[in-house]
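A short worksheet on the structure shown next.
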Amino acid sequence: MNSFGFKSFVDFTNPLTIKLFLSYLSKVNDTYTNVILFLLSKNQLPSNPAITLDIDETVLSSISMESGEGIWLCDYLEWDRKQIFFPALPKVKEFLTLCKTLGITIFFITGRPSSMLDFTVQNFDEVGFLPLVGNDIKERIYMFDGTERSHHIVRAFKEQKRKEISDKGYNILMNIGDQVSDTGKYNKYTVLLENPYYTI
Ligand SMILES: [Mg+2]
């Protein structure tokens, strides 16, 4: 139980859970480092380049504050009500900085419901993402309001949004996420981040 009254995936009195947590953060750090090096190695980007990103356990982490009972039992509205913001994952700000420098448009496609839009943008502001992704980011966050949140339905939703972005004339260079639902065919490359804590 942390100071907010939530159980955590990470028992900070247990060396094994701390070790797993640090290993997890290290792998995320390494993955974004590799993504940054990959982008820097490209001599030329396609026209209208875009990258699509998931949010939870992709750019923000709830692991140290999660209920530990599965993501759907984590009451998002409770996070909102208590104004508990999630920290940024390692190297995400460096990655977003490079995207801004290279003129890559960022889109977020998330399983979070649209009632969390303001809270999500506030969280981006808290961790310093807003100057990097643009103050108009609300228009580039796609949220899921379906009642059935099974893996294949969320995956179809995310794929449809990637198609819409592609149809608008963007070339989706890469999609980054932590679940299989974050993979699809409208992006040239897929980056699947480590998540040893939960699958959806
Ligand atoms: Mg996620």
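Structure above, values below:
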{"quantity": "Region 157-200, subset of a type in the set (Phe, Trp, Tyr) and surrounded by 14 or more Cβ atoms within 10 Å (Cβ to Cβ), residue nearest to the ligand (Cβ to nearest atom)", "calculated": "198"}
{"quantity": "Filter result for residue 140 (of a type outside the set (Asp, Glu) and within 16 Å of the ligand (Cβ to nearest atom))", "calculated": "no"}
{"quantity": "Residue in region 32-42 that is exposed (fewer than 13 other Cβ atoms within 10 Å of the Cβ), more than 15 Å from the ligand (Cβ to nearest atom), closer than 25 Å to residue 105 by Cβ and at pLDDT below 95 present", "calculated": "yes"}
{"quantity": "Options 4, 9: the member that is modelled with pLDDT under 90, within 22 Å of residue 192 (Cβ to Cβ) and either aliphatic (A, V, I, L, M) or not in a helix (DSSP H, G or I) (or both)", "calculated": "9"}
{"quantity": "Test: residue in region 69-92 that is surrounded by 15 or more Cβ atoms within 10 Å (Cβ to Cβ), within 12 Å of the ligand (Cβ to nearest atom), at pLDDT 85 or above and within 20 Å of residue 11 (Cα to Cα)", "calculated": "yes"}
{"quantity": "Number of the condition not met by residue 154 [criteria: (1) at pLDDT below 95; (2) surrounded by fewer than 21 Cβ atoms within 10 Å (Cβ to Cβ); (3) touching a helix residue (DSSP H, G or I) at 6+ places or on another chain (Cβ under 7 Å); (4) within 16 Å of residue 54 (Cβ to Cβ)]", "calculated": "(2)"}
{"quantity": "Candidate set from region 22-59 (those that are among the charged types (D, E, K, R) and either in a loop (DSSP other than H, G, I, E, B) or free of Cβ contacts under 8 Å to residues at least 12 places away in the same chain (or both)); member that is farthest from residue 91 (Cα to Cα)", "calculated": "42"}
{"quantity": "Counted residues, region 101-119 - those being within 24 Å of residue 167 (Cβ to Cβ) and more than 15 Å from the ligand (Cβ to nearest atom)", "calculated": "7"}
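The values are calculated or read from the model by the stated rules, or taken from the named source; none is laboratory data. Given the structure is predicted, the values throughout are model-derived calculations rather than measurements. Note that each Cβ is placed from the backbone with ideal geometry, even for glycine, and that neighbours are counted across all protein chains shown.
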